[in-house]
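In what follows, a structure is listed as structure tokens, so that the remarks can point back to it.
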Ligand SMILES: O=C(O)CCC(=O)C(=O)O
Ligand SMILES: [Fe+2]
Ligand SMILES: [Zn+2]
Ligand SMILES: [Zn+2]
């Protein structure tokens, strides 16, 4: 679609179920004036966040403030001395002008993501005089150029994606989710309230801004997720579906703090897991680069709380969380076997081992159940070139290893063990076949090796072993694993 095409059919806009959440443009014009008024009132939920200088940022600070306390961080002075020619619309247009944007820009009045736009089309749209623009279009979720990625990785190393703490870096290129995105904004474009995917940590740097141009962030703490969810829910929005941007008067109803950050060029915002946020661009053009990380500290909450919730609402997982645990564990195991005894591996392994034990347990069918049935469990190996890429056709979560497959339904119909255990599936449930990439015995062996590596590390660092990391007595547990429940149900 090109810039000067006539607006979409009005009926279509009205029929879009999301359009009722659209903030009226007048409200965006008055936004800052109203915000300033509210901020004079000490009882308003809007709070300022004290910035810290980039030179004072450390991975330990992120661990303490962002992950443990759940507080957002506002870091300034990140882009001092960065190459200004590289991070510009001119550079983007010259090098990637004919790039197809994917489901972008977003038409904010109609709340629809457009298709068929190139980056050049969008850059020409933002270059227009504001009065010439017929629609408000936000250039969101744009693929990040390789040159930018490499430049930022070099500058930021331990805060950037694909560093060792970011478990995604242990997946192969084909298995990695795309986490790095560019946002090109102009006055009054915005991102509705949401929490970042899967309880990950969000990172967002403004790499370019026209004069007097910035973004206003409203961001809560991790611990107010359910209060924030109720506030946006009251107006019909959902933090999982990015569909509601609230005007100041409505945000002001919050009985929990909203930190207000005016993000300018060089400002880096670190978003805690599950922290609700909405972002409004003001002034002229701004360009931000954003990415997410799931680390050995954040993945525990992802696994126990966020994944079951996604399973319930059938939201696509995308991050292959169980594979992150498996390959993150294998990486630490390799490092320790090579004699690299870093202290941080203690806590990292403790988390990863605990989760991996759960994962293996849930794939396993206890022997006594099999003996009772006087049968061996029948399973078929997947012959996928790249493992772990399958998703459950019912709940959309990623399939790490075992799943059921319907031989009748066409086109690879896979159903995860959790869905089968809950009685979900297709109408051919009695004919389902249990499939796997890796045998449970191999997974159990990997678990054993990980525990041994942990013990070696404890010995080298002369610290006592944490009980919680030692394996439970051979899986002899009272409750049933998912695989056992699934196995008992359909067959
Ligand atoms: O800049 C924006 O519009 C939104 C960015 C965002 O939500 C993020 O970086 O997590
Ligand atoms: Fe976000
Ligand atoms: Zn499922
Ligand atoms: Zn079927």
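Nothing in this text is a laboratory measurement; each read-out follows from the coordinates by a stated rule. Just so it is clear, the model here is predicted, and its values are computed rather than measured. Because the Cβ atoms are built from the backbone with ideal geometry, glycine has one as well, and the counts that use them run over all protein chains shown.
Observations on the model:
- Overall Cα dimensions of the stretch 10-293, principal axis frame, Å, largest first: 43, 42, 37
- Compared with the alpha-carbon gap, the fully stretched path from residue 211 to residue 49 is longer by 56.0 nm at 0.36 nm per residue.
- Helix 344-363 and the longest principal axis of the Cα set of the chain meet at an angle near 60°.
- A simple spin-label model places the labels of residue 94 and residue 250 4.3 nm from each other, with each point 7 Å out along Cα-to-Cβ.
- Once C-alpha pairs closer than 8 Å and six or more residues apart are averaged by separation and normalised to the residue number of the stretch 55-159, the relative contact order reads 23 percent.
- Gained length - residue 309 relative to residue 408, 0.36 nm times residue gap less alpha-carbon distance: 32.7 nm
- Modelled FRET efficiency - R0 22 Å, residue 147 with residue 172, Cβ distances, 0.05 increments: 0.45
- Fraction of beta bridges assigned by DSSP in the chain that are antiparallel (%, nearest 5): 85 percent
- With viscosity 1.002 mPa s and temperature 20 °C, the Kirkwood radius over alpha carbon pairs of the stretch 133-229 converts through Stokes-Einstein to a diffusion coefficient of 134 µm²/s.
- Ascending count of other beta-carbon atoms within 10 Å, so fewest first, for 323, 229, 158: 158, 229, 323
- Between the beta carbons of residue 262 and residue 155, assuming R0 = 25 Å, the FRET efficiency works out to 0.65 to the nearest 0.05.
- Calculated P(r) of the chain - Cα pairs past 31 Å, %: 50 percent
- Ordered by the number of other Cβ atoms lying within 10 Å of each residue's own Cβ, fewest first, 218, 160 fall into the sequence 160, 218.
- According to the Cα-based calculation, Rg over Rh for the stretch 54-205 is 0.98, with Rh computed by the Kirkwood formula.
- Note on 100, 65: ascending count of other Cβ atoms within 10 Å places them as 100, 65, the fewest first.
- The angle between the Cα long axis of helix 146-156 and the main principal axis of the chain comes to about 80°, on a 0 to 90 degree scale.
- Projected label distance in nm at residue 442 and residue 82, using a 7 Å step from Cα toward the beta-carbon: 4.2 nm
- Per residue, the convex hull spanned by the Cα atoms of the stretch 251-385 amounts to 253 cubic angstrom.
- As a length-normalised measure over Cα pairs under 8 Å and 6 or more apart, the relative contact order of the stretch 389-431 settles at 36 percent.
- Value of Rg/Rh across the stretch 176-271 [Cα atoms, Kirkwood radius]: 0.95
- Building the convex hull from the alpha-carbon atoms of the stretch 299-488 and averaging its projection over directions returns 11.5 nm².
- Helix 225-234 and the long axis of the chain differ in direction by around 60°, with both axes built from C-alpha atoms.
- When you restrict to C-alpha pairs under 8 Å that are six or more residues apart and normalise by the size of the chain, the relative contact order lands at 16 percent.
- Cα-projected label distance for residue 26 with residue 58, points at 7 Å along beta-carbon direction, nm: 5.3 nm
- The chain: calculated mean residue ellipticity at 222 nm from DSSP helix runs of at least 4, using -39500 (n - 2.57): -9000 deg cm²/dmol
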